[in-house]
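Q: Quick one: the structure is below, questions incoming.
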Amino acid sequence: MALFAVIGLGSFGSTIATQLVSLNHDVIGIDNNKRNVESISDQITHAVIADATDEHVLRELNIQNCEAVVVAIGEDIEASILCVLHLKNMGMNKIWAKAKSKAHHMILTHLGVSKIIHPEEDMGTRVAQSLSYPMVSRYMGLEDNHFIVKIEIKASLKGERFNHLMGNIPAIKTILHKRGKEILYNIDPNLILQEGDILVVEGELEPLRKLSARFK
Ligand code: ATP
């Protein structure tokens, strides 16, 4: 269990804050909007109405003792930058920040922010991916064009043999097969797939595209 701070409790910041709490972490949430703070106050460890561009406030709240800080202010770029500057001054190393534009991203990079998040773009990419590959229910991008993809077997593929569906694309590795609560890591090539089965596979984008054609 660790202590995190989330600065800016709009829909993005408050989702991060409540998710961290559900993962059993303590979270200090800060926003200068009273309504945003009140609506989350009973869901996180400590919710404070404060201006995050004021370094004294950040010091008083002992933000420097947190494992990491998420600066989830996007619209007011000046406030986001000032807040990051103060956090850096206070010696914080692990700062994640949301960026609204390319210029905002560049400035945050120069300030030494550990990770920059573009929520709208990231969400847009996810939505676009699941629209173009409806069988993909989740995916995670790794380095170098590699992806881990969760595939759900739909009714149209019921009765298909595993090696018929997955064979001939050696560049894709099947990590696991899940049916109900049962997870198999060594999959029988003759396994007959059922509707609702889950396959988690790993590979590069091109072979994954090739595979996706078999699901149409
Ligand atoms: P989201 O996209 O997460 O819904 P939003 O659209 O409300 O957010 P943002 O500008 O990204 O807009 O602001 C996120 C939150 O940051 C808001 O709740 C806002 O009140 C808060 N905020 C903005 N400036 C400050 C500041 N100086 N100090 C503390 N909180 C701030």
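The values are calculated or read from the model by the stated rules, or taken from the named source; none is laboratory data. Only a predicted model underlies this, so the values are computations on that prediction, with no experimental measurement involved. Cβ sites come from the backbone with ideal geometry, for glycine too, and all protein chains shown count toward neighbours.
Q: May I ask you to say which residue of I77, I73 is within 11 Å of the ligand (Cβ to nearest atom) and farther than 23 Å from V27 by Cα?
A: Working: I73 fails: farther than 23 Å from V27 by Cα.
Just one listed residue meets the conditions, I77.
Q: Inspect all residues belonging to the stretch 75-86 and state whether any of them is at pLDDT below 95 and polar (S, T, N, Q).
A: No, the stretch 75-86 has no match at all.
Q: Based on what the data block shows, is N145 under 19 Å from R209 (Cβ atoms) and surrounded by fewer than 12 Cβ atoms within 10 Å (Cβ to Cβ)?
A: Answer is yes for this residue.
One line per residue, one yes/no per condition, for (1) surrounded by fewer than 16 Cβ atoms within 10 Å (Cβ to Cβ); (2) at pLDDT 95 or above:
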position: L9; (1), (2): no, yes
position: G13; (1), (2): no, no
position: S22; (1), (2): yes, no
position: I30; (1), (2): no, yes
position: N33; (1), (2): yes, yes
position: V48; (1), (2): no, yes
position: A52; (1), (2): no, yes
position: V57; (1), (2): no, yes
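Q: List every residue pair whose Cβ atoms lie under 6 Å apart, where the two residues are 6 or more positions apart in sequence or sit on different chains, the first residue falls within the stretch 181-206 and is closer than 26 Å to L142 by Cα, and the second residue, located anywhere, is part of a loop (DSSP other than H, G, I, E, B).
A: Listed by first residue and then by second, the contacts come to D197/I153; V201/I172; G203/A171; G203/I172; E204/N145; L205/N145.
Q: A follow-up question, please. May I ask you to list the residues in the stretch 84-111 that are under 15 Å from A52 (Cβ atoms), away from the ligand (no atom under 14 Å from the Cβ) and out of contact with any helix residue (DSSP H, G or I) (no Cβ under 8 Å at 6 or more places or on another chain)?
A: Answer for the stretch 84-111, where residues must be under 15 Å from A52 (Cβ atoms), away from the ligand (no atom under 14 Å from the Cβ) and out of contact with any helix residue (DSSP H, G or I) (no Cβ under 8 Å at 6 or more places or on another chain): just K88.
Q: Right, something else. Do we have D42 as near the ligand (Cβ under 9 Å from one of its atoms) and over 19 Å from W96 (Cβ atoms) here?
A: Taking the combined requirement at face value, the residue does not satisfy it.
Q: On the given criteria, is N65 without any contact (Cβ under 8 Å) to a residue 40 or more places away in the chain and over 23 Å from the mean Cα position of the chain (by Cα)?
A: The answer is no for N65.
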